[in-house]
Amino acid sequence: MITVTNFSKQYKGFTAVKNLSFSVEPGQILGLLGPNGAGKTTTLRTLCGIIPPSAGNLLVAGHDVVEAPIEAKANLGYIPDDPRLFDTMTVWEHLAFTAAAYRLADFEKDAEALLASFELTHKRDTLVHNLSRGMRQKVAIACAFLHDPKVILFDEPLTGLDPQGIRGIQQAIRDRAQAGAAIIISSHLLSLFENLCTHIMVLNLGECRRFGTMEDLLSEVGHTDSTSALEEVYFSITQAQEQTSETATEKTAA
Amino acid sequence: MDPALRQLLILRLRGGLRQRLLQLASVRGLLFSLAFGGIIWFLIASNGSSGASVFGFSALDRQAFSDQIMTFMPLSMLGLSLLTVMMTTGPTFHFSPNEINFLFTGPFRRRDLIIYKFGAYVAGVALTSAFITLIAPPQSGSALSVFIASLLTLVFVQLNSAVISMTGHALDGSRLAKIKWPAIALLGTIAAVAVVYTWATPDRGVFDLASDFRHSLIGTIILIPYIVFAELFVAASVSQLALWGLIAVIINAALLRAAIVLDERTTDRSLAENARLSNRWERIKQGGSFFATERTEVRSIRRAPILGGLGPIAWRQVLNALRNSFKLIFVFMGLAASIAPVSMALGAPVREPHTLMIIYVFVAFILPRNLVCDFRGDVSRMETYKTLPIAPWRICAGQLVVQVFVAYVIALTIIASALVFEDKVTTEVALVLAAFALPLTFLIYAVENTVHLLFPIKLVAMGRADFEFLGRSIVEFIAKTIFIFVGMAASGAVGLLTFKMMAVTWTVAGLASWLTLTLIGFLAVVGLQYAFQRFAVAETID
């Protein structure tokens with residue numbers, strides 16, 4: 001469903017992502033893990049056609065995001081970390097806009113169901129600039145789900161949500177995956193990955209440091225009482241890399 | 001003022017200055033600031049050397065200039081006060097969210113906070129007054145008198161508006177508040193009767209009537225506070241300036257005292273107003289409009305048109321225009337409708353070159369800067385547009401269609417106004433102008449959007465002395481004007497060549513010219529599509 005081959009992205013001489021390859025099949029949930037500047041958001045934004053890749057091929061539902069962007073985008077739902085909604089439109093009008101953009105003829109029933117599942121029914125006629133951060137996030141997710149995309153990309157999906165909202169979104173992600181969607185989640189919340197993801201990719205300095213199933217990664221380190229297993233994996237990879245970089249710098253200086 | 005607040009004021013002024021200097025440190029900032037400086041120098045030089053303004057108005061002598069100020073300045077200030085009464089939620093002392101968080105919870109009295117805010121305003125107004133002094137016509141007196149008069153008048157305008165608004169808030173729900181709208185209706189009726197009277201009496205214009213009112217006993221009594229400030233501007237000697245300046249300072253001090261007293265009674269309302277204004281500014285920073293709807297809920301429109309992908313984008317901008325800019329569209333239509341009668345009343349009909357120049361500035365600079373229903377207001381939402389499964393050219397066309405339609409309606413209003421008030425503008429001329437106004441409007445906004453996407457920048461100046469922003473606006477306008485004039489010249493040339501070489505009628509030549517202008521407009525959309533595709537959505541590298 002998602003196939004990325006030798007993807008690289010450079011910004012004015014700086015390499016944000018280097019030679020990245022992975023795939024996500026229907027029903028799988030891939031967690032993108034890494035420190036700030038690791039290349040997570042760049043990867044997501046390139047996959048959904050916001051920024052062009054410098055090299056490599058990115059396929060969404062079999063369509064190349066560069067060669068056939070319209071077809072690729074028609075199968076994709078993207079939820080950014082800070083959803084910028086249209087401040088003069090109501091919650092319902094955002095769904096109507098999305099339906100027209102994705103050419104959905106009969107969307108009302110699905111839209112009503114989405115509003116109900118995200119507890120937004122009573123906010124249907126509210127102008128979105130009056131909504132809280134968490135509610136705006138829910139509106140963005142409802143819009144992304146409306147056309148039933150085969151591929152869904154989440155960038156920090158739980159920001160600003162209350163505990164009920166977090167539980168609701170997590171369940172919605174599980175449901176979408178069970179329905180056959182391929183999902184990528186980028187987040188700093190390790191507990192989110194432990195709860196949801198089937199696969200994990202650890203990125204650091206634009207390169208893939210580890211990619212595999214959750215079970216494979218967790219089997220590398222034993223569970224401890226004080227820290228989560230995934231946290232240990234994360235720190236062992238990123239700190240080892242930092243130490244390697246520092247040692248290399250010291251040797252060069254010497 | 002509280003010493004801590006004084007310190008904060010100094011630090012903020014210093015920070016503002018540092019920010020401006022940092023703008024000069026970049027090549028682009030320096031170039032735009034130099035461009036702004038050049039334009040100011042040009043205005044000063046043209047004022048000083050010829051005694052005539054850049055738009056060609058003949059200079060008035062000192063006496064005539066003073067008469068005009070004494071007659072019309074108090075009336076204008078009265079109009080501004082009435083407008084504040086009508087709007088009810090006019091500007092009081094605005095505190096930003098940061099100021100509310102830090103200062104409202106600090107050990108400060110409300111009185112100190114109001115004086116702090118007043119001090120910040122005076123500092124800003126001093127800069128504006130210095131600017132006015134630089135570009136004031138030579139017959140307006142010495143630089144010192146213009147500066148003092150401008151400073152005290154602008155302070156008065158702010159304090160007066162604040163006191164009127166606060167009085168309105170304090171009277172909310174009282175019996176006096178109920179007579180507001182009948183009183184406004186009465187004033188509106190009087191204004192309408194005056195217009196009809198001048199319409200029916202060819203030798204008496206609106207300005208004659210306003211002048212008569214100003215010099216009548218009732219008019220003088222009503223306008224007394226405003227006349228003080230007009231006297232400041234026309235003071236012929238230092239002693240006169242000192243006398244009227246002293247009275248103006250006393251009036252301003254009384255207004256400041258009134259504001260402090262009223263503020264104690266309207267604290268809740270003031271906080272609500274501050275929150276509302278802060279939300280508006282936040283929306284502006286995200287590319288929205290200051291005039292965005294204040295309602296929480298509206299009746300949702302159930303469906304958006306598809307139209308091959310063009311529909312939802314245009315629909316979004318329709319909602320934007322209706323809910324965000326509806327009042328503004330009416331204001332601009334009113335201004336457009338009054339261009340011909342006002343220019344006639346001033347003795348400069350619309351066919352005069354300098355009047356045409358002013359109309360062009362209105363249509364191609366003032367209107368696009370204020371009425372934003374296209375890409376320019378959606379730069380922060382480009383991420384959404386880029387992920388839509390819609391061809392870029394359809395997104396571009398969808399973005400332009402509403403803005404062009406609204407601007408075209410305003411252009412048609414100008415043409416209709418000229419048709420009604422100008423004898424030389426016949427129906428045929430008006431029809432030709434209306435036909436060419438459409439592709440021209442299309443071209444203006446295609447270029448405007450292309451420039452904005454290629455060199456995106458905030459839509460509002462960040463403070464009074466954002467010279468980089470002002471300079472850039474002027475440079476953009478000049479560049480756009482060159483492009484549009486080249487397009488118009490090409491269109492005219494094609495029409496002329498068709499007429500000369502193919503020996504056809506003027507109608508056919510005009511059609512060829514119109515088609516050329518339309519084609520250039522469509523080519524500009526190709527440029528816009530390129531700019532859209534090239535637009536880099538905040539390239540964070542997380």
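The values are calculated or read from the model by the stated rules, or taken from the named source; none is laboratory data. Remember, predicted model here, so these are calculated numbers, not experimental data. Please note: Cβ atoms are built from the backbone with ideal geometry, for glycine as well, and neighbour counts cover all protein chains shown.
Here are some conditions: (1) out of contact with any Leu (no Cβ under 9 Å at 6 or more places or on another chain); (2) more than 10 Å from chain B (Cβ to nearest Cβ). A:L58 meets all but one. Which one does it not meet?
(1)
Scan B:L151, B:L144 and give me the residue that is surrounded by 15 or more Cβ atoms within 10 Å (Cβ to Cβ) and either in a helix (DSSP H, G or I) or modelled with pLDDT of 80 or more (or both).
Values: B:L144 fails: surrounded by 15 or more Cβ atoms within 10 Å (Cβ to Cβ).
Matching residue, one of B:L151, B:L144: B:L151.
Among the residues of the range A:1-22, how many are over 10 Å from A:G206 (Cα atoms) and in contact with a Pro (Cβ under 8 Å, 6 or more places away or on another chain)?
Count: 2.
Residue-wise test of (1) touching a Phe, Trp or Tyr at 6+ places or on another chain (Cβ under 9 Å); (2) closer than 30 Å to B:Q68 by Cα; (3) of a type in the set (F, W, Y).
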position	(1), (2), (3)
B:P107	no, no, no
B:K117	yes, no, no
B:F131	no, yes, yes
B:P137	yes, yes, no
B:S142	no, yes, no
B:L159	yes, yes, no
B:A170	no, no, no
B:W181	no, no, yes
B:G188	no, yes, no
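Here is a yes/no grid of residues against (1) under 30 Å from B:A191 (Cα atoms); (2) modelled with pLDDT of 75 or more; (3) not in a loop (DSSP other than H, G, I, E, B):
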| residue | (1), (2), (3) |
| --- | --- |
| B:I39 | no, no, yes |
| B:S46 | no, no, yes |
| B:G56 | no, no, no |
| B:Q68 | yes, yes, yes |
| B:L75 | yes, yes, yes |
| B:L78 | yes, yes, yes |
| B:M86 | yes, no, yes |
| B:T92 | yes, no, no |
| B:F108 | no, yes, no |
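Which one is modelled with the highest pLDDT, of the residues in the range A:152-170 that are of a type in the set (S, T, N, Q) and touching a helix residue (DSSP H, G or I) at 6+ places or on another chain (Cβ under 9 Å)?
Step one: filter the range A:152-170 for residues of a type in the set (S, T, N, Q), giving A:159, A:164, A:170.
Remaining after also requiring touching a helix residue (DSSP H, G or I) at 6+ places or on another chain (Cβ under 9 Å): A:159, A:170.
Values: A:T159: 82, A:Q170: 91.
Filtering first and then ranking leaves A:Q170.
Looking only at helices (runs of 4 or more DSSP H) that fall completely inside the range B:339-391, which ones have 1 or more residues that are free of Cβ contacts under 8 Å to residues at least 60 places away in the same chain, away from chain A (no Cβ under 14 Å) and surrounded by fewer than 19 Cβ atoms within 10 Å (Cβ to Cβ)?
Details: elements: B:353-361, B:367-370, B:382-387.
It comes to B:353-361, B:367-370.
List the residue pairs whose Cβ atoms are under 7 Å apart, where the first residue sits in the range A:206-234 and is exposed (fewer than 12 other Cβ atoms within 10 Å of the Cβ), the second is modelled with pLDDT under 80, and the two are 6 or more positions apart or on different chains.
A:H223/A:A229
Being farther than 25 Å from B:Q158 by Cα, among the small types (G, A, S), out of contact with any helix residue (DSSP H, G or I) (no Cβ under 6 Å at 6 or more places or on another chain) and in the same structural domain as B:S142 (by TED's automatic domain parsing): is that true of B:A242 here? Give the steps one after another, and end with the answer.
Values: farther than 25 Å from B:Q158 by Cα: no; among the small types (G, A, S): yes; out of contact with any helix residue (DSSP H, G or I) (no Cβ under 6 Å at 6 or more places or on another chain): yes; in the same structural domain as B:S142 (by TED's automatic domain parsing): yes.
So B:A242 fails the test.
Considering only residues that are crowded, with 20+ Cβ neighbours inside 10 Å and without any contact (Cβ under 8 Å) to a residue 24 or more places away in the chain, which ones fall in the range A:101-118?
Result: A:A101, single match.
Among the residues that make up the range B:378-387, is at least one of them over 19 Å from the mean Cα position of the chain (by Cα) and either within 27 Å of B:A411 (Cα to Cα) or assigned by TED's automatic domain parsing to the domain that holds B:T198 (or both)? Reasoning before the result, please.
Keep residues of the range B:378-387 that are over 19 Å from the mean Cα position of the chain (by Cα), which gives B:378-387.
Okay, now just the ones that are also either within 27 Å of B:A411 (Cα to Cα) or assigned by TED's automatic domain parsing to the domain that holds B:T198 (or both), so B:378-379.
Scanning the range B:378-387, I find at least one residue that is over 19 Å from the mean Cα position of the chain (by Cα) and either within 27 Å of B:A411 (Cα to Cα) or assigned by TED's automatic domain parsing to the domain that holds B:T198 (or both), so the answer is yes.
Rundown of residues vs (1) more than 19 Å from the chain's Cα centre (by Cα); (2) basic (K, R); (3) more than 29 Å from B:A321 (Cα to Cα), yes/no style:
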| residue | (1), (2), (3) |
| --- | --- |
| A:V24 | no, no, yes |
| A:A55 | yes, no, yes |
| A:V65 | no, no, yes |
| A:D81 | no, no, no |
| A:M89 | yes, no, no |
| A:W92 | yes, no, no |
| A:A101 | yes, no, no |
| A:E108 | yes, no, no |
| A:E112 | yes, no, no |
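Just checking, how many residues over the range B:202-222 are touching a Leu at 6+ places or on another chain (Cβ under 9 Å) and loosely packed, with under 13 Cβ neighbours inside 10 Å? So that I can check it myself, show each step before the final result.
Pass one, the range B:202-222, residues touching a Leu at 6+ places or on another chain (Cβ under 9 Å): B:207, B:210-211, B:213-214, B:219, B:222.
Next cut, loosely packed, with under 13 Cβ neighbours inside 10 Å only: none.
So the count comes out to 0.
Which pairs turn up if I take residues in the range B:142-157 that are more than 15 Å from B:L243 (Cα to Cα) and look for partners that are among the acidic types (D, E) and surrounded by fewer than 18 Cβ atoms within 10 Å (Cβ to Cβ) with beta carbon separation below 9 Å, at least 6 apart in sequence or on another chain?
Here the result reads none, with nothing in the range B:142-157 linked to a residue that is among the acidic types (D, E) and surrounded by fewer than 18 Cβ atoms within 10 Å (Cβ to Cβ).
Just need a number here: residues in the range B:491-542 that are part of a helix (DSSP H, G or I) and more than 26 Å from A:G49 (Cβ to Cβ). Write out each step before concluding.
Within the range B:491-542, the subset part of a helix (DSSP H, G or I) is B:491-502, B:506-534.
Retained after the next criterion (residues that are more than 26 Å from A:G49 (Cβ to Cβ)): B:491-502, B:506-521.
Counting residues in the range B:491-542 that are part of a helix (DSSP H, G or I) and more than 26 Å from A:G49 (Cβ to Cβ) gives 28.
One residue is enough: does the range A:45-53 have a residue meeting the conditions surrounded by fewer than 19 Cβ atoms within 10 Å (Cβ to Cβ) and either among the polar types (S, T, N, Q) or at the interface with chain B (Cβ under 8 Å from one of its Cβ atoms) (or both)? Steps first, please.
Initial filter on the range A:45-53 (surrounded by fewer than 19 Cβ atoms within 10 Å (Cβ to Cβ)): A:52.
If we keep only those that are either among the polar types (S, T, N, Q) or at the interface with chain B (Cβ under 8 Å from one of its Cβ atoms) (or both) as well, we get none.
Within the range A:45-53, not a single residue is surrounded by fewer than 19 Cβ atoms within 10 Å (Cβ to Cβ) and either among the polar types (S, T, N, Q) or at the interface with chain B (Cβ under 8 Å from one of its Cβ atoms) (or both).
Going by the conditions given, is B:I329 within 13 Å of chain A (Cβ to nearest Cβ), assigned to a helix (DSSP H, G or I) and either out of contact with any Pro (no Cβ under 7 Å at 6 or more places or on another chain) or free of Cβ contacts under 8 Å to residues at least 40 places away in the same chain (or both)?
On the way: within 13 Å of chain A (Cβ to nearest Cβ): no; assigned to a helix (DSSP H, G or I): yes; either out of contact with any Pro (no Cβ under 7 Å at 6 or more places or on another chain) or free of Cβ contacts under 8 Å to residues at least 40 places away in the same chain (or both): yes.
No: the conditions fail for B:I329.
State the number of residues belonging to the range A:17-38 that are at pLDDT below 90 and over 24 Å from A:E215 (Cα atoms).
Summing the residues that are at pLDDT below 90 and over 24 Å from A:E215 (Cα atoms) in the range A:17-38 gives 2.
Can you pull out the residues in the range B:293-314 that are at negative phi, outside any loop (DSSP other than H, G, I, E, B) and more than 7 Å from chain A (Cβ to nearest Cβ)? Full working, then the answer.
Residues of the range B:293-314 that are at negative phi, as a first pass: B:293-306, B:310-314.
This time we only want the ones that are outside any loop (DSSP other than H, G, I, E, B), so: B:297, B:310-314.
Listed by number, the residues that qualify are B:L310, B:I313, B:A314.
Out of all the residues in the range B:316-326, which are surrounded by fewer than 24 Cβ atoms within 10 Å (Cβ to Cβ) and more than 7 Å from chain A (Cβ to nearest Cβ)?
Across the range B:316-326, the qualifying residues are B:V318, B:A321, B:L322, B:F326.
Could you run through the range A:128-146 and say how many residues are more than 17 Å from the chain's Cα centre (by Cα), facing another protein chain (nearest Cβ under 10 Å) and under 24 Å from A:I185 (Cβ atoms)?
The total comes to 1.
If I go through the range A:1-44 residue by residue, how many of them are touching a Lys or Arg at 6+ places or on another chain (Cβ under 7 Å), assigned to a loop (DSSP other than H, G, I, E, B) and at the interface with another protein chain (Cβ under 10 Å from one of its Cβ atoms)?
The qualifying residues number 1.
May I ask you to list pairs of residues, at least six apart or on different chains, whose Cβ atoms are under 9 Å apart, with the first in the range A:76-100 being within 7 Å of another protein chain (Cβ to nearest Cβ) and outside any helix (DSSP H, G or I) and the second being basic (K, R) and surrounded by 24 or more Cβ atoms within 10 Å (Cβ to Cβ)?
A:Y78/A:R45; A:P80/A:R45; A:F86/B:R316; A:T88/B:R316; A:M89/B:R316
Out of the residues in the range A:111-127 that are in a helix (DSSP H, G or I) and either more than 22 Å from B:L319 (Cβ to Cβ) or touching a strand residue (DSSP E or B) at 6+ places or on another chain (Cβ under 7 Å) (or both), which is farthest from the other protein chains (Cβ to nearest Cβ)?
Initially, the range A:111-127 is screened for residues in a helix (DSSP H, G or I), giving A:111-117, A:121-123.
Those left that are additionally either more than 22 Å from B:L319 (Cβ to Cβ) or touching a strand residue (DSSP E or B) at 6+ places or on another chain (Cβ under 7 Å) (or both): A:113, A:116-117.
Values: A:A113: 16, A:A116: 16, A:S117: 19 Å.
The residue in question is A:S117.
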